[in-house]
Amino acid sequence: MSRIQQTFARLQQARRKALIPYVTAGDPYPEATVELMLALARNGADVIELGVPFSDPMADGPVIQKAAERALAKGIGMAQVLAYVREFRAKDNVTPIVLMGYANPIERYDQRHGASAFVAAAQAAGVDGVLVVDYPPEECEDFAATLASHGMDPIFLLAPTSTEQRMKDVGRVASGYVYYVSLKGVTGAGHLDTRAVAEMVPRIKSHVKVPVGVGFGIRDAATAKAVGAVADAVVIGSRLVQLLEEQPRERVADAGGRFIAEIRAALDTLSEGVHA
């Protein structure tokens, strides 16, 4: 059982919802990334999605695009991302780390270091899952199988426009959790319709046997709680990245930790009285 699977099993037993923050590796200050990740974990993050900077992100809105541009300008690539995970893992051997990004940096890494070098390096660093936005399930079954054989979970996206067949395809290869993109468009865009999310999650669960996390459009404790009421996990990215962008170096970790603590407290109210 992977670290992600163990985490969700533990949360399910406690009737708690998973909180999954997203941050871009190397942003806003490369030297603060691991400190920030540790602060997120200490303050209630159950899984951390660590974004791999890429120059042409297709699903990310302006906030995360700019974060990736800043990180790239500071020389942050896959080697640095894996180094952050190794450093984090030396101090936290419990909180799962999911690398989230695009095919290009992975394929470039393999071109430079050899076939399947990325998977081996990710496993050695302590990565627990990989979400590649532009790897649809029908085109990456070999990659997903290689990840699984190295103890890592291949994680996939679903969207409001996903067909029943796409849900079945994802259900066949996904492990860990699936990430339901609650809005049409890019990260940070649009208005979250929690009623539509509540209708969609059961449809997904009829085809997918792993937990369902919901992201895009979650900006505060209230929206997180509304989504947590119907999903297994809440993913929050753009608002956190935007908050961090505004902080001086010495306040980044504390600001991120406080924000996540607020979300965690709101989610935990959903389980209050469950065991009474």
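Bear in mind that the values in this text are calculations on the coordinates, not laboratory data. No experiment lies behind these values; they were computed from the predicted model shown. Glycine also receives a Cβ, built like all others from the backbone with ideal geometry; neighbour counts cover every protein chain displayed.
In straight Cα distance, which lysines are under 25 Å from Lys66, not counting same-chain residues fewer than 8 positions off?
Lys74, Lys184
From Cα pairs below 8 angstrom and at least 6 apart in sequence, can you work out the relative contact order of the range 1-114, rounded to a whole percent?
Relative contact order, the range 1-114: 32 percent.
Determine, from the Cβ-Cβ distance of His113 and Leu270 and an R0 of 45 Å, the FRET efficiency 1/(1 + (r/R0)^6), rounded to the nearest 0.05.
For His113 and Leu270, the calculated efficiency is 0.55.
Would you tally the net charge around Val23, using a Cβ to Cβ cut-off of less than 12 Å, leaving Val23 out, and scoring K and R as +1, D and E as -1?
Local charge sum for Val23: -3.
Along the Cα-to-Cβ line of Ala14, 7 Å from the Cα, sits a label point; which residues in the range 95-113 have backbone N less than 18 Å from it?
95-97
Report ³J(HN,Hα) in whole Hz for each residue of the range 134-146, in order, from the Karplus equation J = 6.51 cos²θ - 1.76 cosθ + 1.60 where θ = phi - 60°; Gly and Pro get x.
With the stated coefficients, the range 134-146 comes to 9, 10, x, x, 6, 10, 9, 5, 5, 4, 4, 5, 5 Hz.
For the range 21-63, what percent of Cα pairs sit more than 16 Å apart?
Within the range 21-63, distances greater than 16 Å cover 38 percent of Cα pairs.
Using a Gaussian network for the chain with springs between C-alpha atoms less than 10 Å apart, which of these wobbles most: Gly151, Gly114, Gly101?
Result for the chain, Cα springs under 10 Å: Gly114 fluctuates most.
Could you derive backbone 3J(HN,Hα) for the range 29-35 from the dihedral phi with the Karplus parameters 6.51, -1.76 and 1.60 (θ = phi - 60°), listing whole Hz in sequence and x where the residue is Gly or Pro?
Ordered by residue, 3J(HN,Hα) equals 9, x, 6, 9, 4, 5, 4 Hz.
Return the single residue from Asp46, Asp56, Asp134 with maximal mean-square fluctuation; model: Gaussian network over the chain, springs between Cα atoms under 10 Å.
Checking each option, the largest mean-square fluctuation is seen for Asp56.
Just Pro248, Pro105, Pro21 to compare: in a GNM of the chain, with alpha carbon springs under 10 Å, which one fluctuates most?
Maximum among the listed residues: Pro248.
I'd like the distance separating the alpha-carbon centroids of the range 62-104 and the range 196-239, in whole Å.
Taking the Cα centre of each part, the range 62-104 and the range 196-239 sit 24 Å apart.
If amide H atoms are built 1.01 Å from N in the plane of the peptide, which residues on other chains or at least 5 residues away come under 5 Å of the amide H of Tyr180?
It is Leu158, Gly213, Val214, Gly215, by chain and number.
Taking Cα Rg over 2.2 N^0.38 Å straight from the coordinates, which label in (i) 1.15; (ii) 1.05; (iii) 0.92 is the correct one?
Among (i) 1.15; (ii) 1.05; (iii) 0.92, the one calculated here is (iii).
If the only charges are +1 at each Lys and Arg Cβ and -1 at each Asp and Glu Cβ, what is the size of the charge dipole of the chain around the Cα centre, to the nearest 20 debye?
That gives a dipole near 600 debye.
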